[in-house]
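The values are calculated or read from the model by the stated rules, or taken from the named source; none is laboratory data. Model, not experiment: these values are computed from the prediction. Counting neighbours? That spans all protein chains shown, and the Cβs are built from the backbone with ideal geometry, glycine included. The protein model used for the area step is the full one, side chains on, heavy atoms only, and it has no ligands, DNA or RNA in it. Shrake-Rupley method; radii C 1.70, N 1.55, O 1.52, S 1.80 Å.
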Number of protein chains: 4
Amino acid sequence: MTEEQVAEQPGTEEPVAEQPDYGYVSAKDDYLKRLRRIEGQARGLQRMVEDDKYCIDILTQVSAMTKALQAVALGLLEDHIGSCVVNAAVAGGPEKDVKIKEATDAIARLVRS
Amino acid sequence: MTEEQVAEQPGTEEPVAEQPDYGYVSAKDDYLKRLRRIEGQARGLQRMVEDDKYCIDILTQVSAMTKALQAVALGLLEDHIGSCVVNAAVAGGPEKDVKIKEATDAIARLVRS
Amino acid sequence: MTEEQVAEQPGTEEPVAEQPDYGYVSAKDDYLKRLRRIEGQARGLQRMVEDDKYCIDILTQVSAMTKALQAVALGLLEDHIGSCVVNAAVAGGPEKDVKIKEATDAIARLVRS
Amino acid sequence: MTEEQVAEQPGTEEPVAEQPDYGYVSAKDDYLKRLRRIEGQARGLQRMVEDDKYCIDILTQVSAMTKALQAVALGLLEDHIGSCVVNAAVAGGPEKDVKIKEATDAIARLVRS
């Protein structure tokens, strides 16, 4: 890691940086809670299939789970733009373009998935 | 359940119908395997968040999981159209329209989720 | 097969079938009106770009246009399932499977686009 | 704030700012060309409906048109993040948060449309 990259990450002066400064880190518990709920939805779907539930009811649950997953993705993206992209923008240089490209590629994957 | 509805479901004359004839039932094991893998992806995402992985890498996994979930949904829909909708079409009557409406509503939810 | 079902099918014995019996044909005027409106939205977007409108406002219009287009697609799909797929289901045979595959492929393209 | 950064921003002191400096402006001709093609696709769809083309073929064209529209949206978003969001990040202050919120709301609309 170069000096410049270190400079982009506020709060890394301390030699023992216990966690990186990604945008989502401050909301980690919230994300973990949502992902555990999504894991539970995946288990619920398995029970529905095992119990021969009606296809349309299973599909309704799949849609709910997909929406929950996309909400997590949108939250992560917002946090990412608000921290990593913004930090790179302030730092400037080639890193800025790399971060923007990376973010828009992630958006494209999300829109197409 | 009316006579007509019973008639639409082949294999229900027997009083002990062990499983309904939904399209996906014959591929149950395959769906269960895919849903277990999706459940594993949800756990993997929790580990990534716990380990402070890079936001973009988490987003890439979220997109992969969303794709896997949509593939399950598309499979269920295909099985549903190929069995429930087709059976209702052959039986005719109001049930036919109910099934078509139900299927297209599920498609709409899927497209919008 | 009842009289009514025969009447619903394309390729009936009547030699002068002026138009195919696709599901959307009876709602042709409605579809044309919606597609003309979508064409107008495409022209509106060009004006916005020409007038250097704010990117976010252009994106809002693109989303509205995409939604309108998807509503047309969902309508066409519903009409298609309610006529072509149902007719093929009643007729049975290999054509039935072809139609189901075709419909689910179209759904998959729609979900992924 | 450096000279260069000032020059990148809309609303600079220069009285004759003929056009705002939104990210897409430099690629205006490309966007206009793509939107004209999309307008042509909307007209092509009308012809298909008028000529009673097969529903599935119409749906294939609708998917192609939706993809083209989403590619325009993704391009606009990339340009927007690379200019307006980056400029706001460099400028800092409340405007930064407004721009990030605006961008992520636009992404959410795009993902859900």
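Provide the three semi-axes, in whole Å and in decreasing order, of the ellipsoid equivalent to segment B:31-113 as defined by the square roots of 5 times the Cα gyration tensor eigenvalues.
Values: eigenvalues 268, 31, 11 Å².
Largest first, segment B:31-113 gives 37, 13, 7 Å.
So if I take the centroid of the Cα atoms in segment C:43-113 and the same for segment B:47-113, what is the distance between those two points in Å?
16 Å
Using only atoms on other chains, find how many Cβ atoms lie within 10 Å of each Cβ of peptide B:44-53 and report the average. Walk me through the intermediate numbers first.
Values: counts 2, 10, 8, 2, 2, 13, 4, 1, 8, 3.
The mean count of partner-chain Cβ atoms within 10 Å per residue comes to 5.
Quick one: which of A:53/B:99; A:33/A:67; A:33/C:67; B:67/D:96; A:101/B:53 span more than 21 angstrom between C-alpha atoms?
Details: A:53/B:99 16 Å; A:33/A:67 15 Å; A:33/C:67 32 Å; B:67/D:96 33 Å; A:101/B:53 19 Å.
From A:53/B:99; A:33/A:67; A:33/C:67; B:67/D:96; A:101/B:53, over 21 Å: A:33/C:67; B:67/D:96.
Not counting ligands, DNA or RNA, and with a 1.4 Å probe, what is residue A:43's accessible surface area in Å² rounded to the nearest 10?
100 Å²
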